[in-house]
Amino acid sequence: MSNAAPFRSAASGTPGSRSAAARVAGLLRERGPLTRAQLARAAGMPKSTVAAAVAELAAEGVVRELGAEERGGRGRPGALVCLDPRRGLVVGLQLGLVHIRAAAVDVAHTVRAERDRALRPHYSAAEALPVAEQLVRETIEAAAAAPEDVLGLGLAVPLGLTDGPVEGAPGLPPSTMRPGWESVDLVEELQGRLGLPVVLDNDSNCAARGELLWGAAKGYSDVVFFKLHIGVGGAVVLDGKVRPGRSGTAGEFGHLVLDPAGPLCRCGNRGCLETYAGTTALMHDLRPWFPDGLTFDLLLERLRAGDPACRRAVADAATRVGQAAGLLCNALDPEAVVLGGPLVRAGDLVAEEVGRGLRLSCLRATADVDIVLATLDQRAGALGAAGLALSAAPLPAFPTPPLPR
């Protein structure tokens with residue numbers, strides 16, 4: 001991909017047509033391949049205007065139409081349009097609990113390469129940054145791209161890892177940060193090491209974005225996403241966009257209070273969802289039956305073997321998630337509740353019990369919602385970070401000709 005052609009300016013067309021072309025290119029950059037009808041709906045423009053904009057962009061080599069073999073169908077109806085992949089790529093990088101993952105994705109939303117590295121628990125910034133830099137370089141090379149092809153880097157981090165901005169947030173209080181990261185500005189550090197523009201968001205938002213663009217949430221516009229891990233995170237998707245909220249912390253579903261007299265939570269409240277459905281919390285009552293130690297993998301193994309106590313622990317946790325999901329459905333009325341994180345490895349039991357808890361806590365009108373298990377697993381964060389970088393990547397230049405006198 002080292003011969004990628006840069007977006008070139010074009011002075012042809014009327015001001016209105018250039019504005020429509022810019023809008024179409026922006027939607028393809030953010031959402032990936034779309035039909036002309038989908039573009040018209042998303043842009044709020046007549047189909048004829050979109051068709052003319054696509055033709056204009058195609059003549060300039062900015063977009064292309066996917067062939068039948070690429071889109072998995074036949075004929076012109078429903079043909080997908082995408083940005084020309086030769087226009088460049090981005091890299092998404094996720095800093096996980098014990099790993100770093102990277103994904104290279106071109107502007108047509110094709111995943112070109114993925115790489116990962118294991119790290120020790122509670123790794124330091126001094127350990128992580130050189131690994132992250134090397135992993136990005138390796139992923140670019142694996143994608144058969146040159147450094148000049150790369151338009152930017154997206155970064156997914158656990159909320160509280162650093163005090164840098166998270167999707168426009170002013171910063172996080174020092175008490176929430178991982179020790180040793182308080183003074184680290186990840187954006188500045190990685191920009192300096194790689195010479196790339198860097199955008200950053202929390203890992204739950206990135207996981208939701210990954211599922212929205214490449215996974216189980218694709219095709220939905222309004223979604224509540226849960227990331228069920230040691231902690232419980234989440235994200236709100238409205239009109240096809242992840243909404244971070246005023247301070248960047250929308251989606252902290254783990255701290256929805258379900259019982260004010262419940263267990264004490266690390267946030268200082270009682271009865272938060274995380275105290276019932278975080279993977280550490282749900283294993284708490286089971287530990288006396290595992291004198292040699294209980295891990296989450298062992299719990300899943302015993303669950304599959306039919307252990308009734310393990311089944312009850314997972315079912316209870318999922319029911320609590322459903323209780324929280326029901327409250328959110330009343331507030332947001334989404335099309336789907338998407339469940340991600342390690343807990344979904346328990347499979348249909350989780351979806352069934354979330355559905356049961358949801359129906360007990362929401363209105364009948366909002367209970368008709370799809371409950372979907374995420375499909376990207378550990379890939380979601382890095383891919384979502386790539387999606388974030390794509391949304392910030394430069395667009396073709398569309399100079400507006402002088403207005404007629």
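The values are calculated or read from the model by the stated rules, or taken from the named source; none is laboratory data. In this text, all values refer to a predicted model and were calculated from it rather than measured experimentally. All Cβ positions, glycine included, derive from the backbone under ideal geometry; neighbour counts span all protein chains shown. Ligands, DNA and RNA are excluded from the accessible area calculation, which covers all protein heavy atoms including side chains. Shrake-Rupley method; radii C 1.70, N 1.55, O 1.52, S 1.80 Å.
Can you pull out the strands (runs of 3 or more DSSP E) entirely within the range 82-135 that have at least 2 residues that are open to solvent by 10 Å² or more (accessible area, probe 1.4 Å)? Passing ranges, in order: 99-106, 111-118. Cβ-Cβ distances below 6 Å connect the following pairs, each with a first residue in the range 93-106 that is free of Cβ contacts under 8 Å to residues at least 60 places away in the same chain, a second residue that is outside any strand (DSSP E or B), and a separation of six or more residues or different chains: 98/119; 98/121; 100/131; 100/132; 100/135.
Might you check whether a residue that is at pLDDT 95 or above and over 25 Å from residue 123 (Cβ atoms) occurs anywhere in the range 279-294? Checked against the condition, which is being at pLDDT 95 or above and over 25 Å from residue 123 (Cβ atoms), the range 279-294 yields no hits at all. Checked against the criterion of being of a type in the set (Gly, Ala, Ser), modelled with pLDDT of 95 or more and surrounded by fewer than 21 Cβ atoms within 10 Å (Cβ to Cβ), the range 344-352 has at least one qualifying residue. Could you grab me the full set of residues in the range 11-25 that are at pLDDT 85 or above and open to solvent by 10 Å² or more (accessible area, probe 1.4 Å)? Once the filter is applied, which keeps residues that are at pLDDT 85 or above and open to solvent by 10 Å² or more (accessible area, probe 1.4 Å), the range 11-25 yields 19, 22, 23.
Here's the yes/no breakdown for (1) more than 16 Å from residue 392 (Cβ to Cβ); (2) modelled with pLDDT of 95 or more; (3) over 13 Å from the mean Cα position of the chain (by Cα):
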{"position": "189", "(1), (2), (3)": "yes, no, yes"}
{"position": "201", "(1), (2), (3)": "no, no, no"}
{"position": "207", "(1), (2), (3)": "yes, yes, no"}
{"position": "214", "(1), (2), (3)": "yes, yes, no"}
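Each residue in the range 353-396 was checked for being touching a strand residue (DSSP E or B) at 6+ places or on another chain (Cβ under 6 Å), more than 16 Å from residue 339 (Cα to Cα) and either open to solvent by 30 Å² or more (accessible area, probe 1.4 Å) or hydroxyl-bearing (Ser, Thr, Tyr) (or both), and 1 of them qualify. Just so you know, in the range 280-301 the residues that are among the aromatic types (Phe, Trp, Tyr) and out of contact with any helix residue (DSSP H, G or I) (no Cβ under 6 Å at 6 or more places or on another chain) include one that is surrounded by the fewest Cβ atoms within 10 Å (Cβ to Cβ), and it is 289.
The set of residues in the range 241-279 that are of a type in the set (A, V, I, L, M) and more than 30 Å from residue 42 (Cβ to Cβ) comprises 256, 257, 258, 261, 264, 273, 277. Residue 143 falls short on exactly one of the conditions (1) at pLDDT 95 or above; (2) among the aliphatic types (A, V, I, L, M); (3) within 17 Å of residue 388 (Cβ to Cβ), and that condition is (3).
Checking the structure you have, find out if any residue of the range 302-321 is open to solvent by 10 Å² or more (accessible area, probe 1.4 Å) and within 15 Å of residue 226 (Cβ to Cβ). Yes, some residue in the range 302-321 is open to solvent by 10 Å² or more (accessible area, probe 1.4 Å) and within 15 Å of residue 226 (Cβ to Cβ).
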